[in-house]
1. Thr286 passes all but one of (1) farther than 17 Å from Glu428 by Cβ; (2) hydroxyl-bearing (Ser, Thr, Tyr); (3) in a loop (DSSP other than H, G, I, E, B); which number fails?
2. Restricting to segment 376-405, count the residues that are over 20 Å from Glu347 (Cα atoms), among the charged types (D, E, K, R) and in contact (Cβ under 8 Å) with a residue 24 or more places away in the chain.
3. Considering only segment 234-246, I want to know if a residue exists there that is surrounded by fewer than 13 Cβ atoms within 10 Å (Cβ to Cβ) and among the aliphatic types (A, V, I, L, M).
4. Which residues, taken from segment 328-385, are farther than 30 Å from Gly406 by Cα, charged (D, E, K, R) and touching a His at 6+ places or on another chain (Cβ under 9 Å)?
5. From the list Thr50, Thr99, Thr10, pick out the single residue that is at pLDDT below 95, of a type in the set (Ser, Thr, Tyr) and farther than 30 Å from Asp376 by Cα.
6. For Arg646, are the conditions met, namely being under 23 Å from Arg523 (Cα atoms) and at pLDDT 95 or above?
7. Name every residue in segment 278-316 that is of a type in the set (S, T, N, Q), more than 24 Å from Glu268 (Cβ to Cβ) and touching a residue at least 12 places away in the same chain (Cβ under 8 Å), in order of residue number.
8. Taking segment 17-56 only, how many residues are in contact (Cβ under 8 Å) with a residue 40 or more places away in the chain, of a type outside the set (D, E, K, R) and in a loop (DSSP other than H, G, I, E, B)?
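The values are calculated or read from the model by the stated rules, or taken from the named source; none is laboratory data. From a predicted model like this one, the values you see are computed outputs, not experimental measurements. Cβ sites come from the backbone with ideal geometry, for glycine too, and all protein chains shown count toward neighbours.
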Amino acid sequence: MHTNRLANETSPYLLQHQHNPVDWYPWGPEAFEKAKKEDKPIFLSVGYSTCRWCHVMERECFENETVAKVMNDVCVNIKVDREVLPDIDRIYMTFVQATTGSGGWPMSVFLTPDLKPFFGGTYFPPGAMTSVLEQIDDKWKTSRQSVLDSASKLLSFLSAQVSTGPIGPESPIDVAACVEDGVKTYRRRFDRVHGGFGGAPKFPTTPLFTFLHTQGFLEEDDGQDVETPIGMAGFTLTKIARGGIHDHVGTGFHRYAVDAKWHVPHFEKMLYDQAQLTLAYLRHYTITSDHLYINAVFDILEYTTRDLYCKDRKAFYAAEDAESLPTLASTKKEEGAFWVWTAADIEKIFGDKWASDIFRFHFSVKEEGNVDPSHDPHNELRGKNVLMERGSVEDTHSHCVIDHPGLTLGEVEDILKEGKAKLREVRERERPRPHRDEKIVAAWNGMMGRALAWVARVVGERGQDEVKAKEWYSMAEDLVAFFEKEMMLPDCRLRRIYGSDVEGVADDYAHVIAFLIALYQVRFEPKYLQMAVSLQAKQDSLFWDSEGGGYFTSSSTGMEGGTKIMRLKDDQDGAEPSANSTSLHNLVTLDAIMHATSPEFLGLTGVTDESADYDAKASKLLSSFSSMLEQHPTAVPDLLSSALLRQKGIKAVIFAGSGDSEIFVQGVRGGRWEPNVIYVKEVVGDSEEVSGRVCYAGTCGLKQHAPEEVKRELERAGKHVA
């Protein structure tokens with residue numbers, strides 16, 4: 001068996017390749033020096049451990065002795081985990097997208113020894129891979145200068161494209177026009193049959209829900225009209241919850257659907273999707289009070305706390321793979337094997353045909369399987385069923401009662417609940433689980449912590465499940481302790497990955513700060529706000545672009561050592577909100593907190609009103625991305641949401657009093673989601689009586705000693721503002 005240098009790495013993705021016959025190197029000086037010394041180009045392969053097509057390319061190319069020999073002869077081969085080094089991934093993905101018009105993983109890029117890209121793509125089958133390598137070898141030996149010149153020109157072009165340059169005079173952005181354009185675009189692209197925006201494949205791109213919910217809330221949209229922001233969000237979230245992208249048996253959500261109906265998923269499960277969908281469903285529940293959405297929240301947290309939670313570390317793992325062995329005796333992994341069912345499977349598990357028929361109807365199960373062959377390129381799902389709800393439980397009851405007179409709605413609910421439990425029991429007993437990527441990523445844990453804090457607050461204040469609310473709050477507190485103990489490098493910098501010395505990127509700081517701000521507002525523990533303020537200062541010092549505004553993805557580390565060819569700034573929200581989008585929300589929120597009352601009254605040390613220039617940075621950040629906001633608002637929905645909140649103004653509720661404030665706070669907030677309201681509590685003062693006052697637009701009201709009065713003040717604040 002071959003063993004290469006990747007055996008010494010900690011990344012699950014790199015370890016998956018440790019026995020390839022390819023002479024892999026991790027990203028670093030050793031590989032770069034070898035390329036220079038041996039005068040070879042570099043082949044850079046970027047992926048992640050739960051990437052389906054990364055596995056395919058490994059089996060076809062990197063485990064192939066013939067292909068591996070050509071790779072070793074022609075290139076110095078470097079393997080990168082995009083989740084460990086997202087800044088490296090983004091640099092070369094920018095190149096691939098610019099030169100091919102598309103991108104994805106696995107990403108395959110050829111570089112000069114000084115790391116300049118000159119040819120790239122994504123997945124290559126073995127024949128194509130060998131052909132490309134032979135052409136690269138020929139060009140490198142016979143037309144070296146033209147390759148080098150082309151690489152330099154491409155790098156100059158890319159650098160010019162991503163450079164923002166010094167900030168000129170700041171001109172106001174017409175946020176209202178950007179919002180209007182964004183809503184119109186979403187309405188035009190809205191799928192009125194299946195939900196979502198555009199056609200297949202469909203991703204639950206959660207930043208757009210943040211925008212739709214924020215705009216809808218501010219416009220007091222009740223969602224009754226499906227064409228409104230709340231209506232479009234609710235229709236889409238319902239379709240996702242009922243679709244095959246939802247694991248109805250084991251809970252949680254898969255990464256995306258390959259079809260327009262949210263039916264056939266790409267089966268991997270990502271922590272960042274679970275965290276963001278938790279917040280999307282929670283927000284929609286607080287707006288509509290429809291239990292479908294809070295059930296989805298409980299569903300996701302059941303999955304993440306059961307299957308992705310590391311009890312020893314008290315933090316969350318990254319993901320679960322899309323493919324696994326179909327049975328304990330199998331030797332070949334198949335995509336979806338852990339999650340799909342034949343009709344015969346279900347009949348055998350149920351035993352009772354009557355109950356089986358109802359279950360099969362509700363979840364769209366067919367004898368021949370329910371997967372369109374066009375969505376199954378490897379024929380792995382032939383004859384199988386991806387469970388997808390046909391409609392509501394009430395719809396199923398109305399249909400089935402015709403053939404089963406006397407059937408009650410409660411009986412249908414019991415059949416579905418018990419059926420899912422039976423299938424899960426069989427699945428856990430008879431099917432090997434997919435590979436779990438046990439990386440602990442700072443940014444994704446920040447997202448999950450933020451979700452836990454919000455759910456604990458909403459569910460606890462609504463009295464729905466106070467035991468669970470306390471459990472989730474405790475998990476969030478444990479997660480902070482994990483960050484303090486395990487994720488801090490010297491000089492208070494964040495690690496990107498637990499157990500690694502890889503420095504955190506801007507995303508890590510932004511999401512951990514957002515988590516700390518959310519957690520502070522649950523029970524007003526000053527230490528969490530203090531940590532958020534300190535991390536924000538560290539993010540500013542490491543990533544802020546003092547000339548162009550906004551935050552670079554990576555710090556200057558690596559630029560000086562020659563391991564990075566450029567620093568990028570994320571300017572789009574994708575599966576995750578960009579670091580700049582999340583950072584804008586953090587800046588707007590921290591600015592509102594610091595102007596609500598004196599920082600020392602909140603228990604903060606080392607912070608003054610003058611030292612925190614949050615709004616100035618928010619203004620410069622928006623100027624940096626003004627073109628994107630004005631020309632492509634739907635590319636930055638999360639950024640647009642925060643720009644809208646900044647324009648409308650944030651209301652601040654300041655609680656005070658040394659007495660027990662829990663009931664008072666609950667009476668004021670009532671488990672609502674209000675994007676334009678922040679809550680703080682003063683920890684100084686002699687009065688024991690609990691009070692609340694509202695501040696808005698530089699004016700603070702009188703202290704109120706009844707929750708109803710504080711709520712009235714909140715409702716009145718800002719009513720006069722257009």
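1. The failed condition is (3).
2. So the answer is 2.
3. As a first pass, look at segment 234-246 and keep what is surrounded by fewer than 13 Cβ atoms within 10 Å (Cβ to Cβ): none.
No, segment 234-246 has no match at all.
4. Those that are farther than 30 Å from Gly406 by Cα, charged (D, E, K, R) and touching a His at 6+ places or on another chain (Cβ under 9 Å): Lys333, Glu334, Glu335, Asp372.
5. Working: Thr50 fails: farther than 30 Å from Asp376 by Cα; Thr99 fails: farther than 30 Å from Asp376 by Cα.
Selected residue: Thr10, the only one of Thr50, Thr99, Thr10 that is at pLDDT below 95, of a type in the set (Ser, Thr, Tyr) and farther than 30 Å from Asp376 by Cα.
6. No: the conditions fail for Arg646.
7. Looking only at segment 278-316, we keep the residues that are of a type in the set (S, T, N, Q), and these are 278, 286, 288-289, 295, 304-305.
Of the ones still in play, those that are also more than 24 Å from Glu268 (Cβ to Cβ) are 286, 288-289.
Thr286, Thr288, listed by residue number.
8. Taking segment 17-56 first, the residues in contact (Cβ under 8 Å) with a residue 40 or more places away in the chain are 17, 20-29, 31-32, 34-36, 39-56.
Checking the rest, the ones that are also of a type outside the set (D, E, K, R) come to 17, 20-22, 24-29, 31-32, 35, 41-51, 53-56.
Still in the running and in a loop (DSSP other than H, G, I, E, B): 17, 20-22, 27-28, 41, 48-51.
Adding up the residues that qualify gives 11.
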